[in-house]
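These notes concern the structure reproduced below.
The values are calculated or read from the model by the stated rules, or taken from the named source; none is laboratory data. Only a predicted model underlies this, so the values are computations on that prediction, with no experimental measurement involved. Note that each Cβ is placed from the backbone with ideal geometry, even for glycine, and that neighbours are counted across all protein chains shown.
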Amino acid sequence: MQAERSISAVKARLARARAVTVLTGAGISADSGVPTFRGADGLWRNFRAEDLATPEAFARDPRLVWEWYNWRRELIATKSPNPAHYVLADLERRLERFWLITQNVDGLHRAAGSQQLSEIHGNIWKVRCTRCGRVDENRTVPIAILPSCTACNGLLRPHIVWFGESLATEDLDRSYEALRRCEVLLIIGTSGVVYPAASFAPVAKAAGAFVVEINLDATPNTEVVDVSLQGRAKEVVPELLS
Ligand code: BV8
Ligand code: ZN
């Protein structure tokens with residue numbers, strides 16, 4: 001009974017909202033078959049993501065880090081967006097003010113048609129030259145394990161934000177603006193432990209937004225939000241927006 005009441009309360013809020021912001025994490029792509037970070041399927045050769053997704057790891061062993069990204073690219077290349085991705089792309093088209101902030105590098109939101117989005121941790125289908133800084137789209141699977149820049153032959157790295165690296169200023173500015181100006185914030189499929197994304201719920205709440213979490217498990221955000229709906233993103237998100 002409680003869950004139904006919560007879902008109908010959230011549906012009512014969304015139905016009359018003109019400004020909605022959404023924050024997503026690996027959980028929204030889990031229903032597409034993309035391994036999450038902290039789920040049992042998140043490990044590769046027993047390395048934790050935090051061990052490999054760092055500038056130190058790349059400096060130490062760029063071949064190992066590229067082998068990991070190549071494994072993820074090969075995996076993600078076979079995956080498609082799920083209903084949760086698609087209804088968010090549809091919501092964007094229906095609303096005056098909508099912004100999507102994703103921590104995911106899998107590119108599935110773009111593939112579902114989302115355009116008003118900040119990929120704050122980068123995109124696995126983009127590469128950046130470590131010498132001249134040139135950024136290119138590269139969907140080669142498998143990719144050469146130590147790929148080189150077409151402009152200066154420098155070593156390429158994934159165009160992704162690693163632990164210890166700052167996010168792009170324009171992504172941060174756009175995200176904080178969307179958090180401070182929304183009437184409803186939906187937080188979907190994130191464990192809420194990686195910063196600065198883990199600090200976004202209180203920012204929106206302090207600005208007066210109605211904050212909703214959709215997640216399989218409870219998280220540090222659960223204490224902060226107005227409503228926490230526990231369930232699968234591909235089921236709960238379409239139900240909220242239908
Ligand atoms: C930075 C790209 C300036 C890489 C990623 C303050 C306090 C403490 C530490 C810090 C702090 N400020 C900065 C830090 C350091 C660090 C940090 O936060 N560390 C953590 C681990 C404590 N942050 C940084 O380094 C950031 N940079 O702040 O720069 C600076 C630097 C140094 C010091 C100060 C300031 C950069 C962070 C970005 C790193 N890059 N990704 C790659 O992908 O290869 S982060 C990566 O991990 C993801 O992008 C994502 O952000 C995070 C994983 O989290 P989730 O997406 O939430 O996934 P997870 O598996 O954890 O959870 C999934 C959830 O879904 C679960 O709850 C599960 O229940 C749920 N779920 C599962 N299935 C479903 C589902 N829900 C619904 N439906 C389902 N079907
Ligand atoms: Zn270059």
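Of the set (1) within 16 Å of ligand 1 (Cβ to nearest atom); (2) touching a helix residue (DSSP H, G or I) at 6+ places or on another chain (Cβ under 9 Å); (3) more than 23 Å from Leu23 (Cα to Cα), all apply to Val127 but (2). The set of residues from the range 146-170 being within 12 Å of Tyr69 (Cβ to Cβ) and within 25 Å of the chain's Cα centre (by Cα) comprises Leu156, Arg157, Pro158, His159, Ile160, Trp162.
Is there a residue in the range 234-242 that is touching an Asp or Glu at 6+ places or on another chain (Cβ under 6 Å) and charged (D, E, K, R)? Show your work before the answer.
If we filter the range 234-242 for residues that are touching an Asp or Glu at 6+ places or on another chain (Cβ under 6 Å), which is where we start, we get 234.
Imposing the further condition that a residue be charged (D, E, K, R) reduces the set to 234.
Yes: one or more hits.
Has the range 28-49 got at least one residue that is in a helix (DSSP H, G or I) and under 20 Å from Val211 (Cα atoms)? Yes - at least one qualifying residue is present in the range 28-49.
Of the residues examined, Arg180 is one that is over 17 Å from Gln103 (Cβ atoms), more than 16 Å from ligand 2 (Cβ to nearest atom) and among the basic types (Lys, Arg).
Would it be correct to say that Ser114 is under 13 Å from the mean Cα position of the chain (by Cα) and free of Cβ contacts under 8 Å to residues at least 40 places away in the same chain? Break it down stepwise before answering.
Details: under 13 Å from the mean Cα position of the chain (by Cα): yes; free of Cβ contacts under 8 Å to residues at least 40 places away in the same chain: yes.
Yes; evaluated as a whole, the condition is true for this residue.
The set of residues in the range 154-174 that are small (Gly, Ala, Ser) and either within 15 Å of ligand 2 (Cβ to nearest atom) or over 19 Å from Val194 (Cβ atoms) (or both) contains only Gly154.
Which members of the range 64-84 meet the condition of being farther than 23 Å from Ala53 by Cβ and part of a helix (DSSP H, G or I)? Once the filter is applied, which keeps residues that are farther than 23 Å from Ala53 by Cβ and part of a helix (DSSP H, G or I), the range 64-84 yields Pro83, Ala84.
Being loosely packed, with under 14 Cβ neighbours inside 10 Å and over 20 Å from Ser32 (Cβ atoms) narrows it down to one of Glu183, Glu223, so name that one. Even if it seems obvious, please write down each step before you answer.
Values: Glu183 fails: loosely packed, with under 14 Cβ neighbours inside 10 Å.
Just one listed residue meets the conditions, Glu223.
So which of Val236, Val193 is aliphatic (A, V, I, L, M), surrounded by fewer than 16 Cβ atoms within 10 Å (Cβ to Cβ) and more than 16 Å from Thr21 (Cβ to Cβ)? Walk me through how you get there before you give the answer.
On the way: Val236 fails: surrounded by fewer than 16 Cβ atoms within 10 Å (Cβ to Cβ).
That would be Val193, the only listed residue that is aliphatic (A, V, I, L, M), surrounded by fewer than 16 Cβ atoms within 10 Å (Cβ to Cβ) and more than 16 Å from Thr21 (Cβ to Cβ).
The residues of the range 197-232 that are more than 27 Å from Asp173 (Cβ to Cβ) and among the aliphatic types (A, V, I, L, M), listed by number, are Leu216, Ala218, Val227, Leu229. Give the range 1-27 a look and list any residue that's outside any helix (DSSP H, G or I), at pLDDT 95 or above and among the hydrophobic types (A, V, I, L, M, F, W, C), or say none. Selection gives Ala17, Ala19, Val20, Val22, Leu23. Taken over the range 126-172, residues that are hydrophobic (A, V, I, L, M, F, W, C) and more than 30 Å from Phe200 (Cβ to Cβ) amount to 12. Taking the range 121-165 as the region of interest, the strands (runs of 3 or more DSSP E) fully inside it that hold 3 or more residues being surrounded by 14 or more Cβ atoms within 10 Å (Cβ to Cβ) and at pLDDT 95 or above are 122-129, 156-160.
Please verify whether the range 54-61 includes one or more residues that are surrounded by fewer than 21 Cβ atoms within 10 Å (Cβ to Cβ), modelled with pLDDT of 95 or more and within 9 Å of ligand 1 (Cβ to nearest atom).
Pass one, the range 54-61, residues surrounded by fewer than 21 Cβ atoms within 10 Å (Cβ to Cβ): 54-61.
Then drop every residue that is not modelled with pLDDT of 95 or more, which leaves 54-61.
With within 9 Å of ligand 1 (Cβ to nearest atom) added as a condition, the list becomes 54.
Within the range 54-61 (the criterion being surrounded by fewer than 21 Cβ atoms within 10 Å (Cβ to Cβ), modelled with pLDDT of 95 or more and within 9 Å of ligand 1 (Cβ to nearest atom)), the answer is yes, since at least one residue qualifies.
Restricting to the range 96-110, name every residue that is assigned to a helix (DSSP H, G or I) and in contact (Cβ under 8 Å) with a residue 24 or more places away in the chain. Before you say what the answer is, go through the steps one by one.
Within the range 96-110, the subset assigned to a helix (DSSP H, G or I) is 108-110.
Answer for the range 96-110, where residues must be assigned to a helix (DSSP H, G or I) and in contact (Cβ under 8 Å) with a residue 24 or more places away in the chain: Leu108, His109.
For Ile187, the conditions (1) within 22 Å of Trp71 (Cβ to Cβ); (2) under 15 Å from the mean Cα position of the chain (by Cα) all hold with the exception of (1). Just one of the listed residues (Ala218, Ala151) is within 16 Å of ligand 2 (Cβ to nearest atom), among the small types (Gly, Ala, Ser) and without any contact (Cβ under 8 Å) to a residue 24 or more places away in the chain, namely Ala151.
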